[in-house]
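Comments concern the structure below.
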Amino acid sequence: MLKIVTVVGARPQIIKAAALSRAIRNSFSDQIEEIIIHTGQHYDANMSQVFFEELGIPNPHINLNIGSASHGKQTAQMIQEIEKVLLTEKPDFIVLYGDTNSTLAGAIAASKIHIPIVHIEAGLRSFNKSMPEEINRIMCDHASTLLFVPTATGIKNLEREGFSTTNKAPYSSDHQGVFHCGDIMFDNLVHFSEMAGQKTDIMHSLHLQENDFVLCTIHRDNNTDSPERLNQIISAMCYIEENLHLKIVIPLHPRTSKIIESNLPEDLYNRLKSNKNIHLIPPVSYLEMIMLEKNSFLVLTDSGGVQKEAYFFKKPLVVARPETEWVEIIENGAGIIADADELKIIESVKYFSEAGELDFPNVFGNGHAAEFICRTMLEHRT
Ligand code: UD1
Ligand code: UDP
C-alpha cells in the first residue's frame with residue numbers, strides 16, 4: 001500500500017484535493033491510503049466544511065486549526081504541526097497543492113525530514129515576487145520530487161529555472177520527475193458540471209438569467225489591502241451595472257468583505273450597497289459557483305482558479321491583476337489583463353460585449369489528471 005499525506009488548508013486546495021480523493025476512492029483504494037491534514041488556514045464553514053460535504057471528500061483525519069495570522073506566524077505553526085504528523089505517519093509521499101502558506105509549510109516540514117514531496121499545480125509563475133504565492137510555489141517546486149504541471153507554459157517555466165523535464169527514474173529532490181498532466185481542477189468541472197444545475201437553486205434565488213450578469217471575485221491582498229486599487233475595481237463594477245446594464249454577482253471572500261465594510265469611502269460604499277442589481281453575497285458552494293460561472297456573461301476576477309473555470313465554460317475573462325500565470329487564456333484572446341484599472345476594466349467588458357465568438361482551444365488537459373497522478377505516484381514510490 002502506498003501511503004500519502006495530503007495537506008489542504010485554503011478553499012482551492014480542498015477543491016483540488018477532491019479530484020485526487022475521488023480517483024483514489026474509485027480506482028486505487030486497494031493501492032493508495034490517503035491521510036488528509038487540514039491546516040485550518042480557512043475555517044469559516046463556507047470556506048471549508050461546505051466543500052468536504054458537497055464534493056464528497058473524506059473528512060480530514062487531522063485538523064490543525066491554525067487559523068489566520070501573519071505569514072511568518074501562520075506558516076511556522078503549520079510547519080511545526082505538520083512535522084509531528086509526518087513523523088508519526090511516515091508516509092511515502094506528502095501531496096501539496098498550489099501556492100498557499102499551507103503548501104509552503106508542508107514543503108518545508110517534509111523536505112527537512114526527507115519525505116518526498118509531490119507538488120500538484122507545479123511550474124506556474126507570475127514573475128512577480130511581491131505576491132506571497134510566487135515565493136511559496138517557487139520554494140515548493142524546488143523542494144519537490146514529483147512535479148505535476150498543468151500547462152505547457154508551466155513546463156517552460158521549470159526548464160527556465162534549470163529543471164530537466166527528461167530525467168529518468170528513480171526520482172529524488174535532486175533528480176526530479178516533471179510531468180505535464182493537465183489541470184486537476186478540470187477533472188472536477190468534468191465531474192460536477194452536469195450535477196450543478198440539478199442540485200443548486202442560485203440562479204433562481206438571485207433572479208438571474210443566462211448571460212445577464214458579470215461574475216466577480218476579488219481576494220488578492222494587493223487588491224484588498226490597497227484602497228486605491230479596491231476603489232477602482234468597485235467603481236468599475238458600479239459603472240458596468242449602471243451603464244452597460246449587466247447585473248453583478250460578487251461572492252465575497254471574507255478578507256474582501258471585512259475591508260469593504262470598514263475601508264470603502266462612504267459614497268462608493270453607498271453606491272455599491274444601494275444598487276439592487278449588484279449582489280454582494282457570502283462565499284458560495286462549489287456547485288453554486290460553477291453554476292454562476294456557466295451562466296455568466298463574463299467573469300471579472302483576481303482568483304487563479306476562477307480564471308481557469310471561466311475558460312472551461314467558454315466565458316470571456318477580465319483579470320483584475322497586473323499579470324497572470326494562466327497566460328494561455330490571454331494568448332488565445334479569451335481574456336484581458338486589466339489590472340485594478342477602472343477604465344481598462346470597463347473597456348474590456350465593452351470589448352467582449354461587441355466581440356464575436358471567441359476561441360477556447362483545450363489547454364488544460366483531458367479531465368483525468370488525478371488518475372495520471374495516482375498511477376505516477378505508484379510507479380515512482382521511492
Ligand atoms: C489564501 C492564499 C491565496 C489563495 C486564497 C484562496 C496564502 C498566502 N494566500 O489567501 O493564495 O488564493 O487563500 O482563497 O496562502 N478569513 C476569514 N475566514 C476564513 C479564512 C480567512 O475570515 O475562513 C479572513 C481572515 O481575516 C484572514 C484573511 O481572510 O486574515 C486572509 O486569509 P488567508 O488565509 O491568510 O489568506 P487568503 O486571502 O484567504
Ligand atoms: N469558489 C467557490 N465559492 C466562491 C468562490 C470561489 O466555490 O464563493 C471556488 C472556485 O470555483 C474555484 C476556487 O474556489 O474552484 C478558487 O478559489 P479562490 O478564488 O479562493 O483561490 P485561488 O484559486 O485564487 O487560489
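The values are calculated or read from the model by the stated rules, or taken from the named source; none is laboratory data. Everything quoted here is computed from the prediction, not taken from an experiment. Positions of Cβ are backbone-derived with ideal geometry, glycine not excepted, and every protein chain shown enters the neighbour counts.
Miscellaneous remarks
- Checklist (1) part of a loop (DSSP other than H, G, I, E, B); (2) within 21 Å of Lys16 (Cα to Cα); (3) within 16 Å of ligand 1 (Cβ to nearest atom) applied to Lys129, failing item: (2)
- Cβ separations smaller than 6 Å between residues 6+ apart or across chains give the following pairs from the stretch 283-298 residues that are more than 10 Å from Glu309 (Cβ to Cβ) to residues that are surrounded by 21 or more Cβ atoms within 10 Å (Cβ to Cβ) and among the small types (Gly, Ala, Ser): Leu287/Ala196; Met291/Ala196.
For every residue, the table says whether it meets (1) within 16 Å of ligand 1 (Cβ to nearest atom); (2) in contact with a strand residue (DSSP E or B) (Cβ under 6 Å, 6 or more places away or on another chain); (3) closer than 19 Å to Ala236 by Cα.
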| residue | (1), (2), (3) |
| --- | --- |
| Tyr286 | yes, no, no |
| Met291 | no, no, no |
| Ala310 | yes, yes, no |
| Phe313 | no, no, no |
| Pro316 | no, yes, yes |
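- Residue list for the stretch 145-166, restricted to those being more than 23 Å from Ala110 (Cβ to Cβ), in contact (Cβ under 8 Å) with a residue 24 or more places away in the chain and part of a loop (DSSP other than H, G, I, E, B): Thr151
- When the stretch 7-51 is filtered for residues that are within 9 Å of ligand 1 (Cβ to nearest atom), surrounded by fewer than 23 Cβ atoms within 10 Å (Cβ to Cβ), of a type outside the set (Ser, Thr, Tyr) and assigned to a loop (DSSP other than H, G, I, E, B), the ones remaining, listed by number, are Ala10, Gly40, Asp44.
- As a summary of the residue check, Arg25 satisfies the conditions (1) within 16 Å of ligand 2 (Cβ to nearest atom); (2) in contact with a Gly (Cβ under 9 Å, 6 or more places away or on another chain); (3) of a type in the set (D, E, K, R) except for the one numbered (1).
- Some residue of the stretch 55-75 being within 27 Å of Ser172 (Cα to Cα), within 16 Å of ligand 1 (Cβ to nearest atom) and either modelled with pLDDT under 95 or of a type in the set (S, T, N, Q) (or both): yes
- Any hit, the stretch 81-96, residues being within 16 Å of ligand 2 (Cβ to nearest atom) and either under 20 Å from Ile135 (Cβ atoms) or crowded, with 22+ Cβ neighbours inside 10 Å (or both): yes
- Restricting the stretch 98-126 to residues that are within 16 Å of ligand 2 (Cβ to nearest atom) and in a strand (DSSP E or B), the residue that is nearest to Thr382 (Cα to Cα): His119
- Test result for Tyr97, touching an Asp or Glu at 6+ places or on another chain (Cβ under 9 Å) and within 16 Å of ligand 1 (Cβ to nearest atom): yes
- Members of the stretch 63-78 that are surrounded by fewer than 18 Cβ atoms within 10 Å (Cβ to Cβ) and either outside any loop (DSSP other than H, G, I, E, B) or aliphatic (A, V, I, L, M) (or both): Asn63, Ala69, His71, Gly72, Lys73, Ala76
- Qualifying residue in the stretch 57-74 (condition: among the basic types (Lys, Arg) and in contact with a strand residue (DSSP E or B) (Cβ under 9 Å, 6 or more places away or on another chain)): no
- Reported count of residues in the stretch 237-263, each being closer than 24 Å to Met291 by Cβ, away from ligand 1 (no atom under 13 Å from the Cβ) and modelled with pLDDT of 95 or more, is 9.
- Scanning the stretch 79-95 for residues that are in a helix (DSSP H, G or I) and hydrophobic (A, V, I, L, M, F, W, C) gives Ile79, Ile82, Val85, Leu86, Leu87.
- Selection within the stretch 264-279: residues that are within 21 Å of Asp341 (Cα to Cα) and touching a residue at least 12 places away in the same chain (Cβ under 8 Å). The member of this set that is nearest to ligand 1 (Cβ to nearest atom) is Leu264.
- Condition broken by Arg321, with the remaining ones in (1) within 15 Å of ligand 1 (Cβ to nearest atom); (2) among the basic types (Lys, Arg); (3) under 21 Å from Ala196 (Cα atoms) satisfied: (3)
- Remark: Asn366 falls outside the filter, which requires a residue to be of a type outside the set (Gly, Ala, Ser), surrounded by fewer than 17 Cβ atoms within 10 Å (Cβ to Cβ), assigned to a loop (DSSP other than H, G, I, E, B) and modelled with pLDDT of 95 or more.
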